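First comes the structure, then the notes that go with it.
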Amino acid sequence: MRISDPKIVARLAELHVELQPGAALAGLTSLGIGGTTDLLRIKNHEGIPDLLNLLDSNHIPHKFLGGGSNLLVGDGELPWVVLQLVCPEPDIVLEGNFAHVDAAADLGRTITFCAKNDLGGMEGLIGVPGTVGGALRMNAGAYGMQIGSYVREVKLHRAATRKIEILRGHQISFEYRHTSFAPDDMMLSVKLELPSKLFKDILQGIRICNEKRRSSQPLGQKSAGCIFKNPPGASAGRMIDDLGLKGLSVGDARVSDRHANFFVNAGRASARDMLALIADVSERVQKTYGVELENEVVVWNA
Ligand code: EPU
């Protein structure tokens, strides 16, 4: 979708929003898949309510993009614009055991920055690509930990009230790859409380997690991490592997040879290819195990 009305373009500039016309979303997602649309880069949180009013009153649908690492975007010209926060400088401010982190901050950088300041707890998430806001929205977790355990406050733009609000940790529910945030709430920043730990001990934990991840996941390839959530008490990856589906392909969309719950873009896969592969694998799992797999990857299909 293109914004061409000069009045809207001028108002965007007033709101400190940078308009990038016809951005290729394939370049902004870890899967390397996605069509084109206008990208609106937000430099000032305070202007967000006015920005959303501007878009709504001009009937311009929108979606919020974080780091694009858990996302499958449709092909072609997309029927909505995309909003993304510009990462401020500095993006992390420490205060004792609290880390105030901008939602646009890179998750890996946040973990290592805190580690260098003797704050640990999030070692398991090292190697998970994306932003802190994205990790927060879906309660990213790995190796027995989840980010929600450390959240004390979240600043967000709430779709229900159309205002910027601060929620305390106890007002938010964090479950397995799920939170109580509404789909169109926009994460802006978070206050984490992290346990004190010596840098060398955190580093040891980071090394162990990195090693486990390297040996079991296709890190060098374009993917969105795990495609499906694990059903209660089971591993989607093991179920797909046991069906002999590693290597199954639709075009260049392919079930990873290394971890069967990672679907990789082995070349020039389209969203259509990837969605067909997802549908094929879930149908086979349903037939054999009677289990309906739920997507972990977020799908923005036109
Ligand atoms: N397994 C297989 N074949 C495979 C993949 C896994 O037999 O192709 C077996 C493994 O050998 C192991 C079991 O299945 O015995 C579980 O595998 P793994 O330890 O890799 O964990 P997972 O349940 O597949 C989850 C998360 C990952 C996270 C890892 C490590 C989900 C959907 N996946 O994977 O998160 O990195 O544990 O904690 O919850 C993600 O969220 O995108 C993600 C990749």
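Numbers for the structure displayed
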quantity: Hits in segment 237-255 - residues which are under 24 Å from the mean Cα position of the chain (by Cα) and near the ligand (Cβ under 6 Å from one of its atoms); calculated: Gly237, Arg238
quantity: Segment 103-138, subset surrounded by 21 or more Cβ atoms within 10 Å (Cβ to Cβ) and of a type in the set (S, T, N, Q), residue nearest to Gly66 (Cα to Cα); calculated: Thr131
quantity: Among residues of segment 256-265, those that are touching an Asp or Glu at 6+ places or on another chain (Cβ under 9 Å) and either more than 10 Å from the ligand (Cβ to nearest atom) or free of Cβ contacts under 8 Å to residues at least 40 places away in the same chain (or both), counted; calculated: 4
quantity: Residue list for segment 183-202, filter: assigned to a strand (DSSP E or B) and aliphatic (A, V, I, L, M); calculated: Met186, Met187, Leu188, Val190, Leu192
quantity: Subset tally (residues that are near the ligand (Cβ under 7 Å from one of its atoms), of a type outside the set (Ser, Thr, Tyr) and outside any loop (DSSP other than H, G, I, E, B)) for segment 213-231; calculated: 3
quantity: Arg162 in contact (Cβ under 8 Å) with a residue 40 or more places away in the chain, farther than 23 Å from His178 by Cβ and out of contact with any Ser or Thr (no Cβ under 9 Å at 6 or more places or on another chain); calculated: yes
quantity: Within segment 220-257, considering residues that are of a type in the set (A, V, I, L, M) and under 16 Å from Glu296 (Cα atoms), the one surrounded by the fewest Cβ atoms within 10 Å (Cβ to Cβ); calculated: Ala234
quantity: Criterion (crowded, with 18+ Cβ neighbours inside 10 Å, among the aliphatic types (A, V, I, L, M) and part of a strand (DSSP E or B)) met by exactly one of Ala26, Ala99; calculated: Ala99
quantity: Filter result (surrounded by 12 or more Cβ atoms within 10 Å (Cβ to Cβ), more than 16 Å from the ligand (Cβ to nearest atom) and assigned to a loop (DSSP other than H, G, I, E, B)) within segment 167-179; calculated: Ile172
quantity: Candidates Asp38, Asp56 - the one that is surrounded by fewer than 16 Cβ atoms within 10 Å (Cβ to Cβ) and under 22 Å from Pro21 (Cβ atoms); calculated: Asp56
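Listed here are the residues, each with its yes/no results for (1) in a helix (DSSP H, G or I); (2) of a type in the set (D, E, K, R).
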{"site": "Phe263", "(1), (2)": "no, no"}
{"site": "Leu275", "(1), (2)": "yes, no"}
{"site": "Ala279", "(1), (2)": "yes, no"}
{"site": "Arg284", "(1), (2)": "yes, yes"}
{"site": "Lys287", "(1), (2)": "yes, yes"}
{"site": "Leu293", "(1), (2)": "no, no"}
{"site": "Val299", "(1), (2)": "no, no"}
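Read-outs throughout are calculated quantities, based only on the coordinates presented, and are distinct from any laboratory measurement. Since we're looking at a predicted model, the values are computed, not measured. As a convention, Cβ positions derive from the backbone with ideal geometry for all residues, glycine included, and neighbour counts pool all protein chains shown.
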